[in-house]
Protein chains: 2
Amino acid sequence: VALALGIDVGGTKILAAAVDDAGEVVVEERVESPKDGGSLFDAIGDAVALVVARLGGRAAEVHGAGAGLPGLIDLEGVLHDAPNLPAAANSAAGAELRRRVEAVLGRRMRVVVENDATAAAAGELAFGAARSVANAVVVTLGTGIGGGLVGNGRLLRGERGFAGEIGHMVVELDGPRCACGGQGCWEQFASGTGLARLGREAALGGASPLLAEALAARGEVRGEDVVDAARRGDGAALDVVAAFARYLAIGLSNLAEIFDPGRLILGGGLVRAADVLFATVPERFAEHRRGAGEAKVDIVVAELGERAGVAGAAALALGLVT
Amino acid sequence: VALALGIDVGGTKILAAAVDDAGEVVVEERVESPKDGGSLFDAIGDAVALVVARLGGRAAEVHGAGAGLPGLIDLEGVLHDAPNLPAAANSAAGAELRRRVEAVLGRRMRVVVENDATAAAAGELAFGAARSVANAVVVTLGTGIGGGLVGNGRLLRGERGFAGEIGHMVVELDGPRCACGGQGCWEQFASGTGLARLGREAALGGASPLLAEALAARGEVRGEDVVDAARRGDGAALDVVAAFARYLAIGLSNLAEIFDPGRLILGGGLVRAADVLFATVPERFAEHRRGAGEAKVDIVVAELGERAGVAGAAALALGLVT
């Protein structure tokens, strides 16, 4: 069996795994993401060492290593903009990863680095919800919105490697400011941040005792607060969830118009509240889409869950997807 | 030299040509698009017969035929939604074209049908502005907005063949109604229709004597009226053009975020007023785009002009692009 190391780097934790060529996770380890970006690759090296130690003799079966990183990664493996790991920006991520992996394993191998959402798309393409289609968009809904694109059965990385920044698609011309410098970006509405923003507005509007309580207790409303309040039947929170679902559906409709994907695959942290947040999305989506010629697009939840990134990074390292 | 017939079907005219494998148009003919969709393919047959007659002995060099049609075309060559040719909707376009072409040429050959903007993208990819890049979006700006996508050096048709409907990307959540049934679609702002709508608002606002005159004379303001008035220094018309350029730039920015294209290629009828309409677009685009990591995207005018469609349809028939 061929194995590869897959590493998924988030703003708070690093998940490292040994994955086989059927997508099974053989061993996995978690370490914290360092706040100081200078040591990010050392932390990755630590995680890799833990995985390799647990692999024991099977370490000989490791044929490559891949990492998904939350930022813009060019085709030479340089990490550019990385909002959640600012100190790691402009680092030679591919070379840094290679150095750690080869130090641990003591031999040369294939090493790849990729944007985290693109790595998740690689995972779904190799082993998950995108296996059966030639065109798909993986939409990762977390603090922001990331995207991984599959076209003609291959990943679409774009000319420089920066494709998939679907969260910065403008859906409201004069909408709220985004951290990117733009206005009205999709992720200002349909991400965890967007949900929290809508929840805060509802709390300030006074219609929701539960959200007002959350705001008073912590000085902020989190996406989780909105989900909890909606589960408890809070009317204003349910309105927020309805607005959120409409925004999410409109962005998905845009992606469907542009790509005609066989599947729109939803991943990321918000999937944990799929029952509340996604329930009405297919209906809102269908309302907005045109009739006749346009067949239905499947909107599904990512099959690999939080392991999509490590599985995809490993699949890329094994050359199972390109 | 291998030749192919390329046919570009618009709402008002059909352009048919014999194109060689270097993209040179050897012979071309124009006929009017029938208002009655039932005879659309007969009109195409007439145009093909005119081209073949003028080719004379070189008709033996014709290896295939392709057509670009303004509508949604599935991967089996069936034309679905076709707003400008309603009577041709739901026709088996591929089979109909094959029948006419083979009747004229008296032998079987490769016949392909494609969405018109995708055909234009095929032309630019084979012979024009997309030759030097692996990822590009061809944006056809006319009455509406069409799109042809190139990813990893290949056309992206999507799962059913309906990709590229970029004009129906929502850029303003509660914006004006679109003929598609949605609200705030990009083509309500950045197409000929959008320009006319903005011009009409300016005329009704009373700030533009020239646009008010156009409205009084014909009961409507056309995009051309706005362009003419702007050329003559009309302040309100210049404001309309500035708003139009901003809308165009924001949609292009969305496409750049999503695809990371090497080039954004502008085609379609509005290109004739590029000096007025596109002058400030790169600047508006750059303002909206994020800094550092994201290199500049080239925004260029289509190289093949109104022949992109016939050249692309021929290139597809010759198998020069896929």
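Looking at segment B:169-181, which of its residues are open to solvent by 20 Å² or more (accessible area, probe 1.4 Å) and closer than 30 Å to B:Glu76 by Cα?
B:Ala179, B:Cys180, B:Gly181
If you take the residues in segment B:16-34 that are under 20 Å from the mean Cα position of the chain (by Cα) and of a type in the set (D, E, K, R), which one is nearest to B:Asn84 (Cα to Cα)?
By that ranking, first place goes to B:Glu32.
Just for segment A:103-118: of the residues that are within 15 Å of the chain's Cα centre (by Cα) and in a helix (DSSP H, G or I), which one is surrounded by the fewest Cβ atoms within 10 Å (Cβ to Cβ)?
In this case the residue turns out to be A:Asp116.
Being assigned to a strand (DSSP E or B), modelled with pLDDT of 95 or more and under 28 Å from B:Ile265 (Cβ atoms) is the requirement here; does B:Gly94 meet it?
Considered against the rule, which asks whether it is assigned to a strand (DSSP E or B), modelled with pLDDT of 95 or more and under 28 Å from B:Ile265 (Cβ atoms), B:Gly94 comes out as no.
Being more than 10 Å from chain A (Cβ to nearest Cβ) and part of a loop (DSSP other than H, G, I, E, B) narrows it down to one of B:Ala179, B:Ala130, so name that one.
None of the other options fit; the residue is B:Ala130.
Restricting attention to segment B:138-155, does a residue exist that is within 7 Å of chain A (Cβ to nearest Cβ), in a loop (DSSP other than H, G, I, E, B) and surrounded by fewer than 23 Cβ atoms within 10 Å (Cβ to Cβ)?
There is at least one residue in segment B:138-155 that is within 7 Å of chain A (Cβ to nearest Cβ), in a loop (DSSP other than H, G, I, E, B) and surrounded by fewer than 23 Cβ atoms within 10 Å (Cβ to Cβ).
Kindly indicate whether A:Ala121 is assigned to a helix (DSSP H, G or I) and either more than 21 Å from the chain's Cα centre (by Cα) or closer than 16 Å to B:Phe259 by Cα (or both).
Against the criterion (assigned to a helix (DSSP H, G or I) and either more than 21 Å from the chain's Cα centre (by Cα) or closer than 16 Å to B:Phe259 by Cα (or both)), A:Ala121 qualifies.
With respect to the numbered conditions (1) open to solvent by 20 Å² or more (accessible area, probe 1.4 Å); (2) closer than 18 Å to B:Ala4 by Cβ, which one is the sole condition not fulfilled by B:Glu76?
Of (1) open to solvent by 20 Å² or more (accessible area, probe 1.4 Å); (2) closer than 18 Å to B:Ala4 by Cβ, only one is false for B:Glu76: (2).
Name every residue in segment A:182-202 that is open to solvent by 10 Å² or more (accessible area, probe 1.4 Å) and either in a helix (DSSP H, G or I) or more than 12 Å from chain B (Cβ to nearest Cβ) (or both), in order of residue number.
Matches in segment A:182-202: A:Glu187, A:Gln188, A:Gly192, A:Thr193, A:Ala196, A:Arg197, A:Leu198, A:Arg200, A:Glu201, A:Ala202.
What's the total number of residues in segment B:233-280 that are of a type outside the set (D, E, K, R) and without any contact (Cβ under 8 Å) to a residue 12 or more places away in the chain?
Matching residues across segment B:233-280 total 3.
Within segment A:218-251, how many residues are in a helix (DSSP H, G or I), modelled with pLDDT of 95 or more, open to solvent by 80 Å² or more (accessible area, probe 1.4 Å) and over 15 Å from A:Asp275 (Cα atoms)?
The total comes to 1.
Take segment B:1-51 and flag every residue that is closer than 12 Å to B:Ala65 by Cα and surrounded by fewer than 17 Cβ atoms within 10 Å (Cβ to Cβ).
Within segment B:1-51, B:Ala2 is the sole residue that qualifies.
As an exercise: evaluate A:Ala43 against (1) in contact with a Pro (Cβ under 8 Å, 6 or more places away or on another chain); (2) away from chain B (no Cβ under 14 Å); (3) within 20 Å of A:Gly146 (Cβ to Cβ) and give the number of the one condition it does not meet.
Only one criterion in (1) in contact with a Pro (Cβ under 8 Å, 6 or more places away or on another chain); (2) away from chain B (no Cβ under 14 Å); (3) within 20 Å of A:Gly146 (Cβ to Cβ) is unmet by A:Ala43, namely (3).
A:Arg290 is checked against (1) charged (D, E, K, R); (2) outside any helix (DSSP H, G or I); (3) at pLDDT 95 or above; (4) over 21 Å from A:Ile166 (Cα atoms) and fails just one. What number does that condition carry?
Of the numbered conditions (1) charged (D, E, K, R); (2) outside any helix (DSSP H, G or I); (3) at pLDDT 95 or above; (4) over 21 Å from A:Ile166 (Cα atoms), the odd one out for A:Arg290 is (3).
The values are calculated or read from the model by the stated rules, or taken from the named source; none is laboratory data. Every value quoted in this text rests on a predicted model; they were computed, and no experiment measured them. When we count neighbours, we look across all protein chains shown, and the Cβ atoms used for this are built from the backbone with ideal geometry, even at glycine. All accessible areas refer to the heavy atoms of the entire protein, side chains included, with ligands and DNA or RNA removed. Shrake-Rupley method; radii C 1.70, N 1.55, O 1.52, S 1.80 Å.
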